[in-house]
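Chemist: There's a structure below that I have some questions on.
Nothing in this text is a laboratory measurement; each read-out follows from the coordinates by a stated rule. Since the structure is predicted, the reported quantities are computational estimates derived from the model, not experimental observations. Because the Cβ atoms are built from the backbone with ideal geometry, glycine has one as well, and the counts that use them run over all protein chains shown.
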């Protein structure tokens, strides 16, 4: 049963093969023998054995370890609940026979199937994936496993108090399960609310973008209407052979043309259509508009299409948001501050570049320290948060550099 639950959680096709399945079957027989000789050690042997079969590297595989621990804990819980159900109908301690065994097994398998269904419904695998970079979840599961092992050992050795211990343990397990379900439901609700807020922000930013495009389109349409008349007047001046008048007319025409060709859409948003991911597009529209409203000279470039992102897009949005906000905050203090944003795609690698001018270069080592911020009263998030998110993704590189006039930040997705 433990292998059924384990394989419902662990889906690494590269490691599930004939070799590992054969080793798992052998381990199952060994654990069955150990269970008959020393029941207290069989589950611990099972956990260590499964882990070594599927991953024998020195670096801990938290996902695999969590899956094994959850599978073993689930078996304990199923056994406790099954014992509590059976005790309601059986009043002797040594009831045996094929009928009793079949009924007990049927109850255990039914409970196990229900648990597997609940795990899939609440996306337990996704939850484990989010916590694999932290040992906290693994430590909690390990603690819970040893507590259950201790209680199960007490149940086996203290038969006189079997009903009392099972009753207390069942109550504790039910409370833990209820709390876990509440936690998972709340986490799912918070995630849904966060995605809804992002969607609303995305819609707001896209509407702002389309409104700006409409205004610029109307201006260009008006310019196109006047363009013919301007050319006609220039031709008239040229025919009159008045050089000074011609130069003056050309200067006016150039100034008039620049007013229309230097609009916001052409200057800031010219490459935004290449950003196909809606969350990234929304972020850049919002930040470019914020930069424009702050009267900061900015250049944005994205020559290639950007769609698929190899990390969680919400983490990437947060990363870029922190970096661009820091650039805006730094350039606000400057009389002629500049920001350069670029997205470069090359050989399945995406590089996000955020450059900004500086007055006094900050030490890179200081910028990445926890709690450090160039903002007043340390109100900013600081680049230490960038480092915290970076730890979750081995394929994410964060590079800082600085010179006398510019601070450079690159986020590279490999």
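Chemist: What ranking of 137, 87 emerges when the number of other C-beta atoms within 10 Å of each C-beta is taken as an exposure proxy, fewest first?
Modeler: On the way: 137 20, 87 15.
Sorted ascending by nearby Cβ count, the order is 87, 137.
Chemist: Same structure again: Give the order of 51, 143 when sorted by the count of other beta carbons within 10 angstrom, beginning with the fewest. Write down the numbers at each step before the final one.
Modeler: On the way: 51 17, 143 11.
Lowest count first: 143, 51.
Chemist: Please report 201, 335, 108 as a ranked list, fewest other C-beta atoms within 10 angstrom at the top and most at the bottom. Please list the in-between numbers first.
Modeler: Values: 201 15, 335 5, 108 18.
Placing the least packed residue first, the sequence is 335, 201, 108.
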